[in-house]
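The values are calculated or read from the model by the stated rules, or taken from the named source; none is laboratory data. Quick caveat: nothing in here was measured; it's all calculated off a predicted structure. Note that each Cβ is placed from the backbone with ideal geometry, even for glycine, and that neighbours are counted across all protein chains shown. Accessible surface is based on the protein model in full, side chains and every heavy atom, while ligands, DNA and RNA are left aside. Shrake-Rupley method; radii C 1.70, N 1.55, O 1.52, S 1.80 Å.
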Amino acid sequence: MTQSAHDRAAQLRSELNYHIYRYNVLNDPIITDAEYDKLYHDLVKIEAEYPDLCTPDSPTQRVGSDLETDFAKVAHPAPILSLSNAFDGDELQKWEERNRKLLPDNIDLDYVLEPKLDGLSIVMTYENGVLTTAATRGNGEVGDDVTANIRTISNIPLRIPANPKSDLPSPAKLVVRGEVLFLKADFAKLNTEQEAKGLPKYINARNTASGSLKQKDSRITAERNLKAYIYSIVDSDGVNVQTESDVLAYLQAMGFDSIPDAQYYPSLDAIIADLSAWEARRDSLPFEIDGLVIKINSLPIQRELGISGKDPRGAIAYKFPAEEGTTKLLDITDNIGRTGKLTPTAQLEPIFLGGVTVSNASLHNYDMIRDLDIRKGDSVIIKRSGDVIPYVIGPVIGARDGSETEIQAPDVCPFSGDKLIRPDGAVDLFCPNPKCPERVFRSLEFFVSRGAMDIDGMGPQTIKVLIDEGLIQDEADIFYLKADDIIGLEGFAEKKVQNLLESVEAAKQRPLAQVLASLGMEGVGTTVSNLLVDSFQSLDNLLDLSHKVKAAESDFLALVEPFNATQHMLEGQNSDVKKARERLQYPLLDIAPRYVDSDNLETKLSRLLKPIFELAPSDAPDAAQIADALQILIDTARPLLNIEGLGPILVRNIVDAFADEHYQALLVKMQNAGVTMQAVEKEQAGIALDGLKFVLTGTMSVARDEIKTMIEAHGGKVSGSVSKKTDYVVVGDNAGSKADKAASLGVTILSEADLRNMIGE
Ligand code: IVH
């Protein structure tokens, strides 16, 4: 044994144990999963060569654990194993060679390949067809009981077979294993909602999924739209399967969403030949994967091969080349987006990650730079995943040599020189000037882009030239461009100009919802724009309502103005007083949505605002006056407040955006240029629900949005709150107060199945 192997093993043990401590105890890893895997792999290799070096404190001797103290524990019926890793085709080949040595000569080996989902493992037990427990992997022997939370995940059957009309018997016992995760689109949607609420975005989908599953209040889990995909049977009674292919077919027959994109391969060579094709597919899959799992198809052969340590020999994980890596942070530049949001961006020593060279990455915001103590000159961990802009996970503090310098947030916008602002409760800094040249450029760049107005031939370069030539200053100017203005500009030949103007002409016919979403107004993306157009049908209706709401809000604020005089008295006051005052300042956010369908506002307001009434100056209005003003505000804003899918923050953003002079002027200017802005008629599937008003509550078998679309396609309307005008409340699992309210108002309650019956499904 060489001295260096001994030292290297000791060093790897100590490093790995430190990283395990950072990950599990401090919850603050400083290296990437891929880097951890690499170190671990190195240690496994040394220990395999020199078994004497495998000490009891070696991390290879321990099973990772995600156990937490707050949950009841569930003992797994069989160890929940993990997989050894291979990083290239050679390592896969060696794996097969090792296996062949343990098996009869010339045995045929075929395989099933599955995506390696980047979520968290769950183990679910069904007894006589009923889901009885669900647990995390924990330490492999015992897991945390997360049954209540798992029940909220809509694609997990609570009973199997999930299809009541299935002829298959329920197995006496079935314990399955799968992965819980966010689909990329659902994670993006969650972040859009966070942004609309002014809350920080979630960065990592897997950690967020894990956090969502480990909620003590399962209603929070229910809101998250997690999905579960099932890939193996851990234990069973009354099930006869002989191959991995059988397992997947059986799971599907029972009604599970089995792991998508699983594929049968007759040989390992065929898999190796396909590895790069799988890598290329990675970004286009709807979920995050960090590799592939390759399983010998025959279960008897898998059993014969047995287990090595905690890894079954019959399956292996092929890990994709790292999409995370470490490099040097050279400098920071500040980017300003179309909303004015400042994003500090890391300039990096170029690093090759997941097939591309990355030389800059997002640092999210200055709070994060401070909290993570990121310094200029640091070694930083970068993650790149899919189409998302690469971002900095954090610094490698152990790699510092003292030359690193702290990073300060700027005071002014680097493009316009305006003082940066930080709205209440926000983590980001903003340039407040809508005419900031960088904001204007970014808005225009977004407006013409594929996901927005989709004006072919008008890329960022063209926009730059047109701005520099003084031909466009805002989005509407695009629709006033004339051939004579452009021909002759550098790079604008006649043919190009003709094509460009044709694209502009075509863009004038974009539907209203698309135009609205293209303007990039705070909170008004594609989903919200569609909701608005569905409800209001025309731009004029929407502008008109926004004005009226704004006016009612101003009246309300003017009425309660005398309470502002109490501000100095509030310093050091208890939080109830502060809260009451905030409520008065932002009536659309908190008070109006709370009382949309209430009577007797005066009594309710007296109670809600009691702390501040006790301090009221003599000229302050009383509860009755405030109630009157509030009633007007509620009645005016009701068409918005009642839209299912719009929360109070979005309602306020919408009113602010559409009552904003800048956007109004822009919209009118576009109309005058011939942009038609028509609402598009939705395709009707039927009229069974014509004119009926529905409210949805609780978890349904599919996303609530889907149920909403279905109701609307049959002529019904869906709103967010129950009132006397509601015809039906459709109640799913874990329904909340809306169901109680329906009962108290005598509104008919339907199950999802009742609803489906009504439309003849
Ligand atoms: S099979 C003994 N299949 O990858 C069989 N695992 O260590 C073990 N994973 O944390 C698992 N996708 O949660 C299997 N299609 C898949 C998987 C998968 C993701 C996770 C699993 C575990 C890790 C393997």
For segment 694-713, the count of residues that are over 23 Å from residue 157 (Cα atoms) and either touching a helix residue (DSSP H, G or I) at 6+ places or on another chain (Cβ under 8 Å) or crowded, with 19+ Cβ neighbours inside 10 Å (or both) equals 4
Residues of segment 378-433 being under 30 Å from residue 18 (Cα atoms), surrounded by 16 or more Cβ atoms within 10 Å (Cβ to Cβ) and of a type in the set (S, T, N, Q), in sequence order, are 379, 385
Counted residues in segment 650-667 being open to solvent by 50 Å² or more (accessible area, probe 1.4 Å) and within 23 Å of residue 721 (Cβ to Cβ) come to 2
If you go through 193, 179, the only one that is within 16 Å of the ligand (Cβ to nearest atom), out of contact with any His (no Cβ under 8 Å at 6 or more places or on another chain) and of a type outside the set (Phe, Trp, Tyr) is 179
*Condition check for residue 493: of a type in the set (A, V, I, L, M, F, W, C), surrounded by fewer than 15 Cβ atoms within 10 Å (Cβ to Cβ) and either touching a helix residue (DSSP H, G or I) at 6+ places or on another chain (Cβ under 9 Å) or closer than 19 Å to residue 676 by Cα (or both)*: no
Among residues of segment 118-153 being open to solvent by 10 Å² or more (accessible area, probe 1.4 Å) and among the hydrophobic types (A, V, I, L, M, F, W, C), the residue farthest from residue 213 (Cα to Cα) is 130
Apart from one, (1) touching a residue at least 24 places away in the same chain (Cβ under 8 Å); (2) assigned to a loop (DSSP other than H, G, I, E, B); (3) under 20 Å from residue 513 (Cβ atoms) all hold for residue 681; the odd one out is (1)
Exactly one of 475, 505 is surrounded by 14 or more Cβ atoms within 10 Å (Cβ to Cβ), modelled with pLDDT of 95 or more and not hydrophobic (A, V, I, L, M, F, W, C), and that residue is 475
Listed by first then second residue, the pairs whose first member lies in segment 109-129 and is small (Gly, Ala, Ser), whose partner is part of a loop (DSSP other than H, G, I, E, B) and more than 13 Å from the ligand (Cβ to nearest atom), with beta carbons under 6 Å and at least 6 positions apart or on separate chains, are 129/160; 129/170
Residues of segment 718-737 being surrounded by fewer than 21 Cβ atoms within 10 Å (Cβ to Cβ) and of a type outside the set (S, T, N, Q), in sequence order, are 720, 724, 725, 727, 732, 733, 735, 736
Look at residue 345 and say whether it is closer than 29 Å to residue 279 by Cα and assigned to a strand (DSSP E or B). yes
Result of the Cβ filter at 6 Å on segment 274-300, keeping first residues that are closer than 17 Å to residue 259 by Cβ and of a type in the set (D, E, K, R) and partners that are within 11 Å of the ligand (Cβ to nearest atom) and in a strand (DSSP E or B), at least 6 apart or interchain, is 290/116; 295/112; 295/315
Item to complete: For residue 374, state whether it is within 16 Å of the ligand (Cβ to nearest atom) and surrounded by 19 or more Cβ atoms within 10 Å (Cβ to Cβ).
Response: no
